[in-house]
Amino acid sequence: MSEVKSFYEVDPKGQFICHKCGIPLVKSDAVFGYLNNAFPVEMPVCPKCGFVYVPEDLALGKVLQVEKVLEDK
Amino acid sequence: MDHFKERSTRYYRQTPLFTKEELAEREFKCVHEEPAFCYAACPMKLDGRAFCAHIQKGDFTSARAMLERVTPFPLILASGCSGPCGEKCRLAEIGDSVDMPALERAALRLGAPKAGKGLFKIKKKKSCAVFGADLFSLILAAELDRKSYPTSFYVSESSPEEIFEKYAPFLEGDDLNTELKRLTSSDIKIYFDSALSKEFFDETKGNFDVICASAKFRDALGFGSPDDITLVCAGTSLISSSDSCRDVLGACFDARRAAVSADRLAQGLDPSNMRGEEGPIVSRLYTNLKNVLPSSRVPEDEGYTAEKAVEEASRCIQCKCEECIDSCVYLQYHKKYPKILTREIYNNVDIIMGDHMMNKAINTCSLCGQCKIVCPNGYDVAEICLKARENMVSVDKMSLAYHEFALLDMLFSNGEAFLAKPQPGFERCRYVFFPGCQAGAIAPESVEKAYKDLCSRLPGGVGLVLGCCAAIAKWAGRTALHDEATAQLKKALESLGDPVIIAGCPTCMKMLSEDIGGEIKGIWEVLNETGLPEGSAKLGRKIILHDSCSARGDVPMQDEVRALAESLGCDLVETELSRDMTSCCGYGGLVSNVNKDLARKMAENTASDTSLPYLTYCMACRDNFAKIGRESMHILELVYDSPAHDCPGISEKRKNRLELKNRLLKEIWNEDVIEMTYDFKIDFTDEAKKQMEDRMILDTDIYALIDNFRNTGSGMIESATGKINSCVRIGNVTFWAWFTESGENEYTVTTCYSHRMTIETR
Ligand code: SF4
Ligand code: SF4
Ligand code: SF4
Ligand SMILES: [Zn+2]
């Protein structure tokens, strides 16, 4: 995967606690994938179990927008 | 085969939509771009429609400029033209044609001359000579001058005034002065008082590359008549006017054609080369005169004032064909007429890499077939859009995202909610009732009553098949999925003894007769034969009958429905959209899956009467009209006096189908039904419910999400609020929800959303 600069960043600022592990989510590397394309991002992630949180405004904003563009490729 | 595997955008395949001939054959049918009738009739190619449009706006200067481009002495043309355009003007069929020559005279007097004249023009190297004056040769000299040939004009007359007096005697006053000035300020070298003899001609002609002569001088030289097209005299290179040149228009037209020949000869080419389209042609344009009133010409008197000219030009109806666009909301939305649309769709399909800008257009035609009926040439946009969908699906170029929800809904109808049973006591049935997936989703009570009624009144056993006719896969262009669904239906019908199908939906009826065949009747026909069941409603009101798009062209079906409706006491109101003219409610072609807004506009356009209720015989039309606030009812609701659910949501539609199946299995076939249940409960807030409807999220998706959360514990808690957020991936979609535990095994869901991308840690 190419080293593209992160296309989105969310800072959890310690406000989200993993339900399973009981520890705060931290800003960490994640990747969105769609139709054989990958987009590196920094997202709130549980350092232990790997749960990644995708906020509503991201899902319905940037993510949807990129989906739509790729869908017509 | 996995129909739901997401494609890769890095997969480079493509197959043409049509051959060049197939494309041309379709495009040819659309006459939108054909010239207006006046334009086609004009040998000088004055576009009367555009000309009138300028004057309608009071823009005489642009109108004048059009004339000045057409001929070098526009006042000669305007004063003497016989106006053959008038005979072809559509208005002549019902009243007076537009008085084009009068408008031309007005434009030349009222419009300002071209500004910025006098730019230095480089003269051509080749030179021309015109021998002898007449109207033709005068205009030809000016045509050649306009083409920047150094032009010599040898005349026996002594002055420009004499030339005009002899050959354009109809010009007077200001008009005469204007045209005189055009001649004297041109670069034409006029040799007055020339002794026009054969000797003089022989001596002089060698100095020029192109030689032309008036008809009289040509005769004096002993040359024969020129060729009808090139105007070059046989066996020579002398250009002269044709024998048919008898009036002002003929002179202007011949001068123009002669100048083209001069060009060819100057380039050393055969004058018959590359002449393009010359002279009047027959336009294939279509203009609907339905709403046009006959009118008379505004008298020209001593010449139009600006006001009078505008009045006369405003009689021009700007002939154009937009029959399909006038009726179709989809074409209006995309602002394209079919010929252009087809070309762009064709190109879109051709794209191997890059953005497919026309996918939305391809996927938002309702495939209703109205265009084919209203177009004078039967242009079939639906065929093109459907073929484009099938084409792009076949090479994996069409995104699943457009239609996945609808396709999964079809799989639900033909999976979990599918049922195929013979009437108890019969192994093989003479009939089978096929109500269609939308009837079960929207009016399950009517379906139940109808089935019981048919069982009780028809001999030989009536089976029941609850499922989708596969229209959804067909509309999505998913041929393989469609074939599988059809095969499943075939098998089910076979197991019932291939009975006569009684369809409850016009689309099912159309699909099943195309894909399965055998004997198929509409339930309306059966009810007309058997008579109404006990307890049917008596409406006794005015109601607009809306025909389904699938009933287009099926007059027997349209008649049967009307007969049944009348027996139910409906006072039927027919509209402009009755029968074959009908337009789509927004359900067809899966439009609403791609553009909800447009689907809504379609419903609003189709059910535009807010004062009367609508009667439908398709459950989807019924539902879509209710959604925009129209009072609507399906004919079976009246027959069985059981109102449908008003605007059930996407989850309720599924629930209704499943419950109908389970209820009938229990009641009629005494079968135990194992219903899928969860050991927890979910409350959805109103906000969450609304989001789910808008975002196409089913409550079963959220049940699966919480089930997953309970099993894996995966999710997170927002410390400030204590709210829980979790997700689950189902197929190609990740669903998310915010919720709280409101009790033991009870959850309150406040927010739902989804995306199609996958997300992983790195
Ligand atoms: S109705 Fe539409 S498709 Fe048919 S000729 Fe007119 S503009 Fe073209
Ligand atoms: S109505 Fe107008 S556009 Fe149509 S033929 Fe007559 S002048 Fe031409
Ligand atoms: S099929 Fe219907 S929606 Fe599609 S272009 Fe024709 S009239 Fe419009
Ligand atoms: Zn964790």
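The values are calculated or read from the model by the stated rules, or taken from the named source; none is laboratory data. Everything numeric here is computed off the predicted structure, so don't read it as measured data. Neighbour counts run over all protein chains shown; Cβ positions are idealised from the backbone, glycine included. These accessible areas exclude ligands, DNA and RNA; they are computed on the full protein's heavy atoms, side chains included. Shrake-Rupley method; radii C 1.70, N 1.55, O 1.52, S 1.80 Å.
Chain A contacts chain B over a buried accessible area of about 3600 Å², both sides summed; the probe is 1.4 Å and only protein chains count.
Distance from the C-alpha centroid of the range B:1-56 to that of the range B:691-721: 49 Å, rounded to the whole angstrom. Only beta bridges with both residues in chain B are counted; by DSSP, about 40 percent of them are antiparallel.
Where both bridge residues fall in the protein assembly as shown, DSSP classifies roughly 55% of the beta bridges as antiparallel. On the beta carbon distance between B:Ile122 and B:Lys57, with R0 = 41 Å, the FRET formula returns roughly 0.70.
Charges were assigned to the Cβ only: +1 to each Lys and Arg, -1 to each Asp and Glu. The resulting dipole of chain A about its Cα centre is roughly 240 debye. Cβ-Cβ distance of B:Asn732 and B:Glu519, R₀ of 60 Å, FRET efficiency by 1/(1 + (r/R0)^6): the value works out to about 0.90.
Our estimate of slack between B:Thr530 and B:Arg297, defined as 0.36 nm per intervening residue step minus the Cα-Cα distance, is 77.6 nm. About its Cα centre, the protein assembly as shown has a charge dipole of approximately 1660 debye under the convention of +1 per Lys or Arg Cβ and -1 per Asp or Glu Cβ, with nothing else charged. Spin-label model, B:Thr740/B:Arg762: points 7 Å from Cα along the beta carbon direction are separated by 3.8 nm. A Förster distance of 35 Å, applied to the separation of the beta-carbon atoms of B:Ile94 and B:Ile229, puts the FRET efficiency at 0.45.
Dividing the mean sequence gap of close Cα pairs (under 8 Å, 6+ apart) by how many residues chain B holds gives a relative contact order of 11 percent. Taking label positions 7 Å along the Cα-Cβ direction at both B:Glu277 and B:Glu494, the computed distance is 5.6 nm, reported to one decimal. Projecting the Cα atoms of A:Gln65, A:Cys21, A:Ala38 onto the dipole axis of chain A, where Lys and Arg carry +1 and Asp and Glu carry -1 at the beta carbon, places A:Cys21 farthest toward the positive end. Here's the picture: a label point sits 7 Å out from the Cα of B:Asp2 along the beta-carbon direction, and within the range B:396-411 the residues with their amide nitrogen under 16 Å of it are B:396, B:400-401. Full extension of the chain between B:Thr178 and B:Ile674 yields a length gain of 168.9 nm, computed as 0.36 nm times the residue separation minus the alpha carbon distance.
What you get for the range B:404-662, charging only the Cβ of Lys and Arg (+1) and of Asp and Glu (-1), is a dipole of about 420 debye around the Cα centre. Positive end of the dipole of the protein assembly as shown, charges at C-beta (+1 Lys, Arg; -1 Asp, Glu), about the Cα centre: which of B:Cys549, B:Ile717, B:Thr582 has its Cα farthest in that direction? Value computed over the given set: B:Ile717.
Considering only the range B:404-662, what is the antiparallel percent among its DSSP beta bridges, to the nearest 5?
Restricted to the range B:404-662, the bridges split so that about 15 percent are antiparallel.
With both labels modelled 7 Å from their Cα along Cα-to-Cβ, the B:Asp597 to B:Asp47 distance reads 3.2 nm.
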